[in-house]
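**Q** Provided herewith is a single structure, encoded as structure tokens, for subsequent inquiry.
The values are calculated or read from the model by the stated rules, or taken from the named source; none is laboratory data. Bear in mind the structure is a predicted one, so any value in this text is a computation, not a measurement. Quick reminder, even Gly has a Cβ in these numbers, built from the backbone with ideal geometry, and neighbours come from all protein chains shown. Areas reflect the complete protein model, heavy atoms only, side chains present, ligands, DNA and RNA absent. Shrake-Rupley method; radii C 1.70, N 1.55, O 1.52, S 1.80 Å.
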Amino acid sequence: MIAGRPRTLVLRTAGTNCDRETVLALEQAGSEVDVLHLHRLLEDPDRLARYAALVVPGGFSYGDDVAAGRVFGLELRHHLLAPLRAFVDRGGVVLGVCNGFQVLVDTGLLDGTADAPRRERGYALHANASNRFECRWVTLRAEECACPWLEPGDVLPMPAAHGEGRFLVRDTAVLERLRANGQIALRYVSSGAPDAPAEYPDNPNGSVDGIAGLCDPTGRVLGLMPHPERNVSPFHHPLWTRQPRRSEGEGLRFYRRMIEFAARSA
Amino acid sequence: MSELTLAKPSMTPTAPDDSSPRSAERPCPPAWRVEVFRREEVDDPDGVEALAALAEIGVDGVRAARLGRGYLLPAELDRAQVARIVEELLADPVVDRARVTEPGARPDVPPGRARILVARKPGVMDPVALTVARAIARAGLAATGSTHGATPHVQSFRAWELEGDASRAELERCGRRVFANEVIDELHVDDEGLAWSPAAEPSRRADDAVAVPLRDADDARLEQLSREGELSLSLEEMRAIQAHFAELGREPTLVELETLAQTWSEHCKHKTFAGTIDMDGERIDNLFRETIQRATRELDRDWCVSVFHDNAGIVEFDRGTCLAFKVETHNHPSAIDPYGGAGTGIGGVIRDILGVGLGARPIANTDAFFVGPPDLPEDEVPRGAMHPRRILRGVVAGVRDYGNRMGIPTVNGGVWFDRGYTGNPLVYAGTLGILPRDCAEKAVAPGDVVVVVGGRTGRDGIHGATFSSVELHEESETVSSAAVQIGDPITEKRVLDALLVARDRRLYRGITDCGAGGLSSAVGEMGEDCGAEVDLERVPLKYPGLTAAEIWISEAQERMVLAVPPDDLEALLAVFVAEDVEATAIGRFTDTGRLVLRYDGAVVGDLDMRFLHDGTPRPVRTATWTAPATSDPGVPACDDVPATLLALLADPEVASKEWIVRQYDHEVQGAAVVHPLVGPRGDGPGNGSVLQPVAGSRRGAALACGANPRYGALDPEGMAMAVLDEALRNAVCVGGDPRRTAVLDNFSWGNCRRPEQLGALVLAARGCRDAALAYGTPFISGKDSLNNEYRVGDRTLSIPPTLLISALSIVPDVAHAVTMDLKEAGNLLYLVGATRAELGGSLYLRLAGVEGGRAPRPDLERAPALLAAVHGAIAAGLVRAAHDLSEGGLAVAAAEMAFAGELGAVLDLGRVPVEDPPGDDGGAPVDPTALRLFSESCTRFLLEVEPQHAPALERRIQGLPCAAVGHVTAEPRLGLRGPAGEVVADLAGADLRAAHAGPFATAERGRSAS
């Protein structure tokens, strides 16, 4: 347990571009936040011990050259995997948003098994079915899952903005395993009817089973494609001019729960 | 010295001596070849999209297409290393399958597949290959025990595999028209002979200090030297240079001549706008100073912090914070390479913002495109030009990939279509930045170190400034390929990250971007008032072998120049190293008033700063204007209002731009309050966007724009007023305060050596002045792009006179921002502003095939009061929805508000306030219904108001034309009653929405969505 406001590390590198709004959301959610360049963390991986949570924000790390998140993922796998696993093992919370989710998928950190080779990974984030970058608001529903700080059934509108966010599995056995492990954390749902499965554009990229977010079997590592940090203020929601005045966006609740859990867990 | 010395620099670092015909296959590259395809059981969205593009150009022999991402890796790697690079970096274990081919070998391609390979020409930037090379090095994937960190040479390419029975000729056509742009790409059709060019090229001629003999040159020779050297200098300018050096008793060096050509180019110097003009007997000393600048000077707003003299205009946002705004054109590069041209266009204007004051943080991008009609028959595309659809797709993708990667939301813009843009499209890109008040000014002191940061310098973008100052022609794509640059947004993002750290630690005191003219313009401008000396061999190069002149004028992207006090140099360099950005001291600023250039210690240029900046002879140009002789067609009757309205909604100019907007990340940074698309379905075309730039403050900034090329052809002066009015009413509609609005002017014109073109420019500039003074909206920045013409044979196609006005408004409280979608049944609809019979240039007349007529002009006496009254009502919370009336008039505005809000409306046209235009002789017949529905008169708004607020609204607009013309209905239908009470239209919202989706936009959206 860390005294005072729980501390969060926002890890950035060349091409990270959602760090500012992520920091704002985390601060409003009650966290002290430091932003650190990957190279500084590589110089001193022990710095991780100071934090209750680690966030890999959105952006286009290294231009998303080769594939989204690929090079950042490679760097974490080659230089930081052991410290990251130790961080999770001692109760630390890891969140990857958008490009951060793509990076987490590539690291294998969502699998929970130690040091499985990359070629055995069973799922991927593929090019959107539209083959386009698309920016649009979607509705997520938190599922019954291993993630201890998501409230099952919680409905969370937020924008998605990506070109490679289609969740795919190698085969149905992988999907069964993810379900059995409680790893399917967030799904796209129809904006009008949160109990109905989402078709395009509510499912903006063609993800299998409407999967928008995945956690590891401990529930302490979570990745999702849409951006909760872009639905924090009362004026973020695209329909705020049609609604009674809001006090905050639903994304703030998401971060607040995460920070509250991290304060207890780490 | 021979004439060859001034010949165009070659784009290719290796001598292009490959004259073998394309059909003769070249040898396979002596490098490992990796091609990463999607697994057969995973769909390939790139292939689906390619098939759609092939069908569009009439190739139907291709049944399936798959894209392989290709990489060439050094032959020195062993098989295990290559396998590791593939497994760890290049291929995804779930979706990809990689084909690895040994050096020199042919790839093992399944039978029955045709192959089209597309590779960057040597010397063209290949950012993916750079990233791969660095990643291999950092992860030690090519390590041999002793060489952990060595960065290997890597090249990337695309390998298309096509199934079907397309003929070779068809495949060639696919390659040229869909897969490759031969300006920058090498195309290989069933030819595996990719070039492998790791070796550095030998040094080029060391003729940098060689003099160019001018002294004895006659006029013909001077003109020849300018033309063959691509200097774009006029005879008068060449004579001035000749005289200057004769006085000095020596000849200019090549570098000096190039420096003068860059600095004196129309692009950099704006010789026409600032020159002397004889207009129909009247002498105008300096058009810019007498119009645009004069309005700003007379208005003298205390919130204008920095106008015209820096990279962008700066205005106060709140007490401690300023906003900087700039819009640029990138027309000619986008014509020959739409993707790269638009990308580097946005990259360039972002650097303007990084380099304004001590540097601002970009918070929004804008874009505006003017292209030919999307349905232009293929055989009407001028020789050497691309189809407007390909151009539009390319520029959208270029802005998308650069803006999204930079993490800057693209929030406002527009697309206009006219045949006049077919050969010469216009691409505008803008950036808004935020900076602390005390960072608004910059300085340079003698002794400061000249530091270049960011990307390396290559032979890309040579002569961009001079290229943009001449007309395009059918061979532009071959002769001007060296003017094309390829953007690398992640390098620019690194520069941005490092720069803001250095700024906040005040480690430099002057900064500017490397744009047109490269280091020549950047260092030349910064040192204008003191002097500078540069050692050109210190400039980091992408590859060796550049001449001094090439280093000095290259427009390689993603570079900035800083003036750094010597004591801060070490700390500054450390900041950039920490962010992986190259920063290099290349010289120093002096107090000599001279620009001294050295290469390896030898002086290759020594120019007097005064001559460089003030030695341009000021041309005297002739201008004239004759109003087009057309009879007033009046307002013809509309015999089918529903069909006409649906056709107007489907007009490409009105129809949905959602397929574009959704490709832009308009949400990143989390500051959007009013988004570009509004309403429950997100399909309402918003008037403008509102940002909340300072977290925790409810103060907002609105961005909006206006343009109309059809008005410009009829009445350039009125057009300028009308588009300024449009930008303002768009800003007002979302909550902007018209009295706290700054505007930018961006002129794109034809060849102003033609007196009638220049006459139109003079009138438009005067229109800008008069409107800005009337509205109280100062211009804070702008740009002109002249010579927008396209020459085919002896025919010259000129663009319509085009003025883009961009507005930046303060929104006092974002909680009162308004969107255009109807909100609630039972609310009243107020039409504010008078409707007049001035349909010249309207979409209604274009649809009817009627030319000419009187284009709309705002009533400058009354318009400011209208804008202020509407703003007051919005700021007081009286308005639920607001939409401006523009293309398509009241009918289109009401339809858009209805379907965007998933509600309906009933309008009684008899209540529309109508008045006669000034000076109207009442000669031409005016149909009262068509007038009310389709007039595009300025300064009009349709407002949705709750009945309880109606009296308050009417009080605020008292004395101005305003009437309740209808109400909102729950049933999603648009009902229109004519002046005599008859029903002229009753349309379902679904039909309005479907029409607005538009055939072109629908096709774009459906191109690949599965």
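**Q** Within region B:965-1007, how many residues are modelled with pLDDT under 95 and part of a helix (DSSP H, G or I)?
**A** Going through region B:965-1007 one residue at a time, the tally reaches 9.
**Q** Restricting to region B:803-838, name every residue that is touching a Ser or Thr at 6+ places or on another chain (Cβ under 6 Å) and over 17 Å from B:Arg729 (Cβ atoms).
**A** Residue satisfying the conditions is B:Ala825 alone.
**Q** Just need a number here: residues in region B:412-463 that are farther than 30 Å from B:Ser798 by Cα and either within 25 Å of the chain's Cα centre (by Cα) or aliphatic (A, V, I, L, M) (or both).
**A** 19
**Q** Name the residue, out of B:Phe325, B:Phe308, that is under 22 Å from B:Gly510 (Cβ atoms), out of contact with any Phe, Trp or Tyr (no Cβ under 6 Å at 6 or more places or on another chain) and either open to solvent by 10 Å² or more (accessible area, probe 1.4 Å) or among the basic types (Lys, Arg) (or both).
**A** Sole residue among the options that is under 22 Å from B:Gly510 (Cβ atoms), out of contact with any Phe, Trp or Tyr (no Cβ under 6 Å at 6 or more places or on another chain) and either open to solvent by 10 Å² or more (accessible area, probe 1.4 Å) or among the basic types (Lys, Arg) (or both): B:Phe308.
**Q** Quick check on my filter: what residues within region B:645-659 are within 24 Å of the chain's Cα centre (by Cα) and crowded, with 24+ Cβ neighbours inside 10 Å?
**A** Within region B:645-659, B:Ser656 is the sole residue that qualifies.
**Q** Condition (residue is in a loop (DSSP other than H, G, I, E, B), β-branched (Val, Ile, Thr) and either closer than 25 Å to B:Asp337 by Cβ or within 13 Å of chain A (Cβ to nearest Cβ) (or both)) applied to region B:134-153: is it met by at least one residue?
**A** Filtering region B:134-153 for residues in a loop (DSSP other than H, G, I, E, B) gives B:140-153.
Restricting the remaining residues to those that are β-branched (Val, Ile, Thr) gives B:144, B:147, B:151.
From the residues that got through so far, the ones that are either closer than 25 Å to B:Asp337 by Cβ or within 13 Å of chain A (Cβ to nearest Cβ) (or both) too are none.
No, region B:134-153 contains no residue that is in a loop (DSSP other than H, G, I, E, B), β-branched (Val, Ile, Thr) and either closer than 25 Å to B:Asp337 by Cβ or within 13 Å of chain A (Cβ to nearest Cβ) (or both).
**Q** Can you tell me which of B:Gly826, B:Gly833, B:Gly840 is among the small types (Gly, Ala, Ser), away from chain A (no Cβ under 14 Å), out of contact with any helix residue (DSSP H, G or I) (no Cβ under 6 Å at 6 or more places or on another chain) and touching a residue at least 60 places away in the same chain (Cβ under 8 Å)?
**A** Testing whether each residue is among the small types (Gly, Ala, Ser), away from chain A (no Cβ under 14 Å), out of contact with any helix residue (DSSP H, G or I) (no Cβ under 6 Å at 6 or more places or on another chain) and touching a residue at least 60 places away in the same chain (Cβ under 8 Å) leaves just B:Gly826.
**Q** Let me ask something additional. Could you list, in sequence order, all residues of region A:154-165 that are open to solvent by 20 Å² or more (accessible area, probe 1.4 Å) and either among the aliphatic types (A, V, I, L, M) or free of Cβ contacts under 8 Å to residues at least 60 places away in the same chain (or both)?
**A** Hit for region A:154-165 is A:Val155, nothing else.
**Q** Turning to a different aspect of this structure: If you scan region B:782-802, which residues turn out to be small (Gly, Ala, Ser) and either open to solvent by less than 10 Å² (accessible area, probe 1.4 Å) or touching a Ser or Thr at 6+ places or on another chain (Cβ under 7 Å) (or both)?
**A** Of everything in region B:782-802, just one residue is small (Gly, Ala, Ser) and either open to solvent by less than 10 Å² (accessible area, probe 1.4 Å) or touching a Ser or Thr at 6+ places or on another chain (Cβ under 7 Å) (or both), namely B:Ser785.
**Q** Which residue, of B:Asp591, B:Asp600, is surrounded by fewer than 18 Cβ atoms within 10 Å (Cβ to Cβ), more than 34 Å from the chain's Cα centre (by Cα) and under 29 Å from B:Arg456 (Cβ atoms)?
**A** Residue meeting the stated conditions: B:Asp600.
**Q** Further, regarding this structure: When region A:104-126 is examined, which residues are found to be modelled with pLDDT of 95 or more and open to solvent by 10 Å² or more (accessible area, probe 1.4 Å)?
**A** The answer is A:Leu125, and nothing else.
**Q** Please find, among B:Arg113, B:Arg79, B:Arg168, the residue that is surrounded by fewer than 16 Cβ atoms within 10 Å (Cβ to Cβ), in contact with a Leu (Cβ under 7 Å, 6 or more places away or on another chain), away from chain A (no Cβ under 12 Å) and farther than 30 Å from B:Gln485 by Cα.
**A** The unique qualifying residue is B:Arg113.
**Q** Hey, any hits in region A:155-167 for a residue that's more than 18 Å from the chain's Cα centre (by Cα) and assigned to a loop (DSSP other than H, G, I, E, B)? Give the derivation first.
**A** Keep residues of region A:155-167 that are more than 18 Å from the chain's Cα centre (by Cα), which gives none.
There is no residue in region A:155-167 that is more than 18 Å from the chain's Cα centre (by Cα) and assigned to a loop (DSSP other than H, G, I, E, B).
**Q** Looking at B:Ala295, is it touching a residue at least 24 places away in the same chain (Cβ under 8 Å), in contact with an Asp or Glu (Cβ under 7 Å, 6 or more places away or on another chain) and on the phi < 0 side of the Ramachandran plot? Reasoning before the result, please.
**A** Values: touching a residue at least 24 places away in the same chain (Cβ under 8 Å): yes; in contact with an Asp or Glu (Cβ under 7 Å, 6 or more places away or on another chain): no; on the phi < 0 side of the Ramachandran plot: yes.
So B:Ala295 does not fit the description; no.
**Q** I need a count of the residues in region B:837-852 that are outside any helix (DSSP H, G or I) and buried (at least 23 other Cβ atoms within 10 Å of the Cβ).
**A** Selection size over region B:837-852: 6.
**Q** Checking A:Asp202 against (1) of a type in the set (D, E, K, R); (2) in contact with a Ser or Thr (Cβ under 6 Å, 6 or more places away or on another chain); (3) more than 14 Å from chain B (Cβ to nearest Cβ), only one condition comes out false. Which one?
**A** So the condition that A:Asp202 fails would be (3).
**Q** Being more than 24 Å from the chain's Cα centre (by Cα), surrounded by 24 or more Cβ atoms within 10 Å (Cβ to Cβ) and of a type outside the set (D, E, K, R) is the filter here; which residues of region B:695-733 pass it?
**A** Once the filter is applied, which keeps residues that are more than 24 Å from the chain's Cα centre (by Cα), surrounded by 24 or more Cβ atoms within 10 Å (Cβ to Cβ) and of a type outside the set (D, E, K, R), region B:695-733 yields B:Gly700, B:Gly718, B:Val732, B:Cys733.
**Q** If you scan region B:89-109, which residues turn out to be part of a loop (DSSP other than H, G, I, E, B) and either open to solvent by less than 20 Å² (accessible area, probe 1.4 Å) or free of Cβ contacts under 8 Å to residues at least 12 places away in the same chain (or both)? Quick ask: steps written out before the conclusion?
**A** Within region B:89-109, the first condition is being part of a loop (DSSP other than H, G, I, E, B), and the residues that meet it are B:91-95, B:102-109.
Listed by number, the residues that qualify are B:Ala91, B:Asp92, B:Pro93, B:Val94, B:Val95, B:Pro107, B:Asp108.
**Q** Name the pairs whose Cβ atoms lie under 6 Å apart, with the first residue in region A:212-233 and within 14 Å of chain B (Cβ to nearest Cβ), the second polar (S, T, N, Q), and 6 or more positions between them or separate chains?
**A** A:Leu214/A:Gln183; A:Glu229/A:Thr22
**Q** Just to be sure I understand, how many residues within region B:661-694 are open to solvent by less than 10 Å² (accessible area, probe 1.4 Å), closer than 29 Å to A:Gly15 by Cβ, outside any loop (DSSP other than H, G, I, E, B) and β-branched (Val, Ile, Thr)?
**A** Final tally of qualifying residues: 3.
**Q** Quick check on region B:32-72: of everything there that is within 9 Å of chain A (Cβ to nearest Cβ) and part of a loop (DSSP other than H, G, I, E, B), which residue is most open to solvent (accessible area, probe 1.4 Å)?
**A** Step by step, filter region B:32-72, then rank; the result is B:Asp43.
**Q** Looking at (1) surrounded by fewer than 24 Cβ atoms within 10 Å (Cβ to Cβ); (2) among the small types (Gly, Ala, Ser); (3) modelled with pLDDT under 95; (4) closer than 18 Å to B:Val604 by Cβ, can you tell me which one B:Ser520 breaks?
**A** (1)
**Q** Would you confirm whether any residue within region B:261-275 is over 19 Å from B:Ala760 (Cβ atoms), open to solvent by 50 Å² or more (accessible area, probe 1.4 Å) and at pLDDT below 90?
**A** Within region B:261-275, one or more residues are over 19 Å from B:Ala760 (Cβ atoms), open to solvent by 50 Å² or more (accessible area, probe 1.4 Å) and at pLDDT below 90.
Quick grid of which residues meet (1) touching a Gly at 6+ places or on another chain (Cβ under 8 Å); (2) open to solvent by 20 Å² or more (accessible area, probe 1.4 Å); (3) over 23 Å from A:Val55 (Cβ atoms):
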site	(1), (2), (3)
A:Asn128	yes, no, yes
A:Thr139	no, no, no
A:Glu144	yes, yes, yes
A:Pro152	no, yes, no
A:Val169	yes, yes, yes
A:Ser191	no, yes, yes
A:Asp202	no, yes, yes
A:Ser207	yes, no, no
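**Q** To continue, here is another question. Do we find a residue being on the phi > 0 side of the Ramachandran plot, surrounded by 22 or more Cβ atoms within 10 Å (Cβ to Cβ), within 10 Å of chain B (Cβ to nearest Cβ) and not β-branched (Val, Ile, Thr) anywhere in region A:4-27?
**A** Scanning region A:4-27 turns up at least one residue that is on the phi > 0 side of the Ramachandran plot, surrounded by 22 or more Cβ atoms within 10 Å (Cβ to Cβ), within 10 Å of chain B (Cβ to nearest Cβ) and not β-branched (Val, Ile, Thr).
**Q** Taking B:Ala825 as meeting all but one of (1) open to solvent by less than 10 Å² (accessible area, probe 1.4 Å); (2) hydrophobic (A, V, I, L, M, F, W, C); (3) assigned to a loop (DSSP other than H, G, I, E, B), write down the number of the exception.
**A** (1)
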